[in-house]
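**Q** Quick one: the structure is below, and I'll ask about it shortly.
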């Protein structure tokens, strides 16, 4: 019997080719979108899942609690790890990673390659993260200051396929011995790793490592089996408050509270963390894409129901004949459900093919290495089988119920079915259309808001000129010692407007530190961003002074006794107006490892207009600019747009003169800001793609309902035409009902879209106002698409010969 069901189902699919094509294509497209999103979401959820004892590993971060907009900081002071290990018996091990943002020159013989993503770690790194080794072992991999552990890819680049254990490799001219090679299995590890060296190689002063105010380390803690992380966190906060705070000087008081973050949450739940170098995902985007996948699958299922219902009009007599010769309602439902499952099976097979074809493009777009191999992954095959059965039965139940409920007498007396179950469940068909277009309007609004915010991020005035600024780190002892001579020769290159050397350029690494403001006999410490600049910093970036003057080489006191601050610092430090801030005294504890207590005392000589040196996720912070050559490490060169290529070649020639042993590695400053918003760019693209899919599939459902309406009212249309109605009148008659449904859908979608996008925009410190026109555009776009879709069927019905429709009367 089941074989007969399948045979009849196959004949119906072949007989009604256009119907089958529309239904299969809509369902296949919806399932393809779901599979692609599902693969992406599954991949995002796999981070750190394979780390042994991962459920016992936590990262320590700190969070502000006494501000209106609390901020979260990934790096903490070095003493957190020391305290946790010494004072908390439930802690099995701790480990620190020095925060840095550098690209290193690796050398073996004549081969030189710039490699980033290095980790400078405690020797306990592999006690916490038990990563798999290809060569060597974790036991003594980081025991010596000159040890280095490479990833398999880096090792292959320098040593080929041979075992490199015991061989030498230079890192920025310092020699290290290879003690281990990690396997290529770190693509789902939250830390970006190319090589690992021990923290001992940095030779950090012991006194500095005892500082509670030096927030420079990513710190991890591994708890003993059975230990409770929440209790440990509470004990740590109490210990800091009771034992540590009373011993600290006023300028080192702890203002943030520590939090223990589970390892498996780091990737997806750290998108708003400051100074975090981990591989960041975004749980909000993962949830949003998951909802979009559900939306598209729902729209595809509703589309199938509407098309099947519309088609049932042409199968009424078939049902009547079958019931007359003894077929029961249960048998008819099985027949129609088998047709639905067969159609779904064809759609799933096509979706699997489409997914395989589109996955390489998605991998390239997201930078992932996802696979869709049904033979290698039986679980994935099981998901497809389950999807076929569930979608087939759920989507087919209502049409099967409709078809199997026809009364034989009624359907055999007339070519058209009236009243009956059609009239009783008309609200359901209309409800499906409302839901489809509510989802479509919702997605259109989201896409428009995201597009506007992303455009705002890329085009907002940042307060400085970022165009045509070549940007690179200094390399080699000669260049560092003669940086003024190097900069002067750069200025002589044709096309070079200006050059600046410093630490803290926009879009790059900046330093968070404190500045001391003496007032009324007290010395109050304020957190600020420190930008270590030279005399050409303002000129090179095009910063605007609103009060005072720039640094001057003619005034020798500017190097050691002058500060420039931004407008936000004027407000935060309590200086009143920019003009009133001039001459105010500031003190700064100098970054000097040999003499950590040295103090720089100076006055404010200028105030610059606020400029965004970080992304627009972050609110502008007080910034202090000062001359401090000890921190210089990056070079910014302003170049004219004319003959850009020859000017870049000239800069390379000057580089080769000062650092011939190291190749130059440069990029342009505006590229830094483009990279900041890459996730938003991708979200914008994905939203438009999936919104287009949702609208297209939704239109197929509307097409089905319009077909049903035209079929149901064809005699009415014939009579109206005979009585003189023109085509536009009939088109309006049939379209009006559906446009009302779209209006209802828009009314439902508006508040939901407003709430969701309002919450999303709160992630940005600088954002657009909610564009009300986006709601109007979304409703008009959905209405236009609906009208065009319905009009096609309406025009066909209006231009049909009325004699054919009235002949049976």
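The values are calculated or read from the model by the stated rules, or taken from the named source; none is laboratory data. Predicted model, so just to flag it, every value in this text is computed and none were measured. Here the Cβ positions follow ideal geometry from the backbone for every residue, glycine too, while neighbour counts run over all protein chains shown.
**Q** Going by what's in this entry, would residue 126 be described as free of Cβ contacts under 8 Å to residues at least 60 places away in the same chain, crowded, with 16+ Cβ neighbours inside 10 Å and out of contact with any strand residue (DSSP E or B) (no Cβ under 6 Å at 6 or more places or on another chain)?
**A** yes
**Q** Give me the residue from the range 216-227 that is assigned to a loop (DSSP other than H, G, I, E, B) and touching a residue at least 12 places away in the same chain (Cβ under 8 Å) and, out of that set, farthest from residue 106 (Cα to Cα).
**A** 227
**Q** Buried (at least 17 other Cβ atoms within 10 Å of the Cβ) and at pLDDT below 90: does that describe residue 463?
**A** Spelling it out, residue 463 is indeed buried (at least 17 other Cβ atoms within 10 Å of the Cβ) and at pLDDT below 90.
**Q** Looking at residue 630, is it in the same structural domain as residue 529 (by TED's automatic domain parsing), touching a strand residue (DSSP E or B) at 6+ places or on another chain (Cβ under 9 Å) and on the phi > 0 side of the Ramachandran plot? Walk me through it before giving the result.
**A** Working: in the same structural domain as residue 529 (by TED's automatic domain parsing): yes; touching a strand residue (DSSP E or B) at 6+ places or on another chain (Cβ under 9 Å): yes; on the phi > 0 side of the Ramachandran plot: no.
Judged against the criteria, residue 630 is not a match.
**Q** Let me ask another. Taking the condition modelled with pLDDT of 90 or more, under 32 Å from the mean Cα position of the chain (by Cα) and on the phi < 0 side of the Ramachandran plot, does residue 538 pass?
**A** No, not satisfied.
**Q** Same structure again: Only one residue in 388, 340, 344 is modelled with pLDDT under 80, farther than 30 Å from residue 189 by Cβ and assigned to a helix (DSSP H, G or I). Which one?
**A** It is 340.
**Q** Please specify each residue of the range 718-730 satisfying the condition of being surrounded by 20 or more Cβ atoms within 10 Å (Cβ to Cβ) and either within 24 Å of residue 31 (Cα to Cα) or at pLDDT 70 or above (or both).
**A** Answer for the range 718-730, where residues must be surrounded by 20 or more Cβ atoms within 10 Å (Cβ to Cβ) and either within 24 Å of residue 31 (Cα to Cα) or at pLDDT 70 or above (or both): 718, 730.
**Q** Something else about it: With respect to the numbered conditions (1) touching a helix residue (DSSP H, G or I) at 6+ places or on another chain (Cβ under 7 Å); (2) crowded, with 19+ Cβ neighbours inside 10 Å; (3) over 30 Å from residue 359 (Cβ atoms), which one is the sole condition not fulfilled by residue 88?
**A** (2)
**Q** Among the strands (runs of 3 or more DSSP E) lying completely within the range 539-589, list those that include at least 1 residues that are more than 28 Å from residue 466 (Cα to Cα) and touching a strand residue (DSSP E or B) at 6+ places or on another chain (Cβ under 7 Å).
**A** In the range 539-589, 585-589 are the strands (runs of 3 or more DSSP E) which contain 1 or more residues that are more than 28 Å from residue 466 (Cα to Cα) and touching a strand residue (DSSP E or B) at 6+ places or on another chain (Cβ under 7 Å).
**Q** Conditions first: (1) assigned by TED's automatic domain parsing to the domain that holds residue 491; (2) part of a helix (DSSP H, G or I). Residue 625 passes all but one, so which condition is the exception?
**A** Residue 625 satisfies every listed condition except (2).
**Q** Taking residue 361, is it part of a helix (DSSP H, G or I) and either over 27 Å from the mean Cα position of the chain (by Cα) or at pLDDT below 80 (or both)?
**A** no
**Q** Which numbered condition trips up residue 621, out of (1) touching a helix residue (DSSP H, G or I) at 6+ places or on another chain (Cβ under 8 Å); (2) modelled with pLDDT of 90 or more?
**A** The single condition residue 621 does not satisfy is (2).
**Q** Does the range 577-585 contain at least one residue that is over 24 Å from residue 671 (Cβ atoms), free of Cβ contacts under 8 Å to residues at least 40 places away in the same chain, surrounded by 20 or more Cβ atoms within 10 Å (Cβ to Cβ) and in the same structural domain as residue 507 (by TED's automatic domain parsing)?
**A** yes
**Q** Okay, next question. Within the range 569-577, is there a residue that is touching a helix residue (DSSP H, G or I) at 6+ places or on another chain (Cβ under 7 Å) and closer than 30 Å to residue 73 by Cα?
**A** Yes: the range 569-577 contains one or more residues that are touching a helix residue (DSSP H, G or I) at 6+ places or on another chain (Cβ under 7 Å) and closer than 30 Å to residue 73 by Cα.
**Q** What number of residues in the range 628-659 are out of contact with any helix residue (DSSP H, G or I) (no Cβ under 9 Å at 6 or more places or on another chain) and not in a strand (DSSP E or B)?
**A** Matching residues across the range 628-659 total 14.
**Q** Would you check which residues across the range 669-685 are surrounded by 19 or more Cβ atoms within 10 Å (Cβ to Cβ) and at pLDDT 80 or above and list them?
**A** 669
**Q** Counting just the residues of the range 466-510 that are at pLDDT below 85 and at positive phi, which one comes out surrounded by the most Cβ atoms within 10 Å (Cβ to Cβ)?
**A** 507
**Q** Could you list, in sequence order, the residues of the range 242-274 that are modelled with pLDDT of 90 or more and part of a strand (DSSP E or B)?
**A** 257, 258, 259, 260, 261, 262
**Q** Still on this structure, I have one more. Which of the residues that make up the range 202-215 are surrounded by fewer than 19 Cβ atoms within 10 Å (Cβ to Cβ) and either assigned to a helix (DSSP H, G or I) or in contact with a strand residue (DSSP E or B) (Cβ under 7 Å, 6 or more places away or on another chain) (or both)?
**A** 202, 208, 209, 210
**Q** Hey, another quick one. Just checking, does the range 60-81 include any residue being in contact with a helix residue (DSSP H, G or I) (Cβ under 7 Å, 6 or more places away or on another chain) and within 16 Å of residue 191 (Cβ to Cβ)? Full working, then the answer.
**A** Of all residues in the range 60-81, those in contact with a helix residue (DSSP H, G or I) (Cβ under 7 Å, 6 or more places away or on another chain) come to 60, 78-79.
With the extra rule that they be within 16 Å of residue 191 (Cβ to Cβ), the set shrinks to 60.
Looking through the range 60-81, at least one residue is in contact with a helix residue (DSSP H, G or I) (Cβ under 7 Å, 6 or more places away or on another chain) and within 16 Å of residue 191 (Cβ to Cβ).
**Q** Restricting to the range 37-57, and then to whatever is outside any loop (DSSP other than H, G, I, E, B) and in contact with a helix residue (DSSP H, G or I) (Cβ under 6 Å, 6 or more places away or on another chain), can you tell me which residue is modelled with the highest pLDDT? I'd like the intermediate steps shown before the answer.
**A** Step one: list which residues in the range 37-57 are outside any loop (DSSP other than H, G, I, E, B), which gives 37-44, 54-57.
Those left that are additionally in contact with a helix residue (DSSP H, G or I) (Cβ under 6 Å, 6 or more places away or on another chain): 37, 41, 44, 54, 57.
Values: 37: 90, 41: 90, 44: 90, 54: 91, 57: 95.
Per the criteria, the residue is 57.
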